[in-house]
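The values are calculated or read from the model by the stated rules, or taken from the named source; none is laboratory data. Everything numeric in this text was worked out from a predicted model, so none of it was measured. We place every Cβ from the backbone using ideal geometry, glycine too, and count neighbours over all the protein chains shown. Areas reflect the complete protein model, heavy atoms only, side chains present, ligands, DNA and RNA absent. Shrake-Rupley method; radii C 1.70, N 1.55, O 1.52, S 1.80 Å.
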Amino acid sequence: MLIVDDEPGARTVLTYLLEACFPEAKLLGEAGSAIEGIKMIQKEKPNLVFLDISMPHADGFDLLESLPDRQFEVIFTTSHQEHAIRALREGAIDYLLKPIDKDELKQSIEKFKASRNTGSQVDFAALMASMQEPKTSY
């Protein structure tokens, strides 16, 4: 696994959550930019990347476009819900809104494990449902 996010605090929180929830997972490293992330992905060959979308100079989608033959899965970790449809088109396993909820992270990891075990495609309907904002009553 690899984390690519320009916010040091977000990387720290995600690292903590991953270590607490999935101590068996191997975190290969963290990158503070898309450019650094590309280099780390090419070097480390992770099977899963936690990827922020909005980063200076190049965003998470730029990173993915620069690696057209990617051999890893993606879970987006972002503060911006408006990118959800594009994330679906990029084949994301999941789309976690910051601040990341521990239970939602666990569900995302289970989706990743299931996709690796079965080789099946992402359940897009479930992904869309997980991105729905809670309805408020007026």
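Remarks
- Of the candidates 64, 88, 105, the single residue that is part of a helix (DSSP H, G or I) and touching a Lys or Arg at 6+ places or on another chain (Cβ under 8 Å) is 64.
- Of the residues making up the range 31-56, those that are open to solvent by less than 10 Å² (accessible area, probe 1.4 Å) and either in contact (Cβ under 8 Å) with a residue 60 or more places away in the chain or not in a helix (DSSP H, G or I) (or both) are 31, 46, 48, 49, 50, 51, 52, 53.
- Filter pass, residue 75 being part of a loop (DSSP other than H, G, I, E, B) and crowded, with 21+ Cβ neighbours inside 10 Å: no
- Scan of the range 88-128 for residues that are buried (at least 16 other Cβ atoms within 10 Å of the Cβ), at pLDDT below 80 and over 13 Å from the mean Cα position of the chain (by Cα), ordered by number: 122
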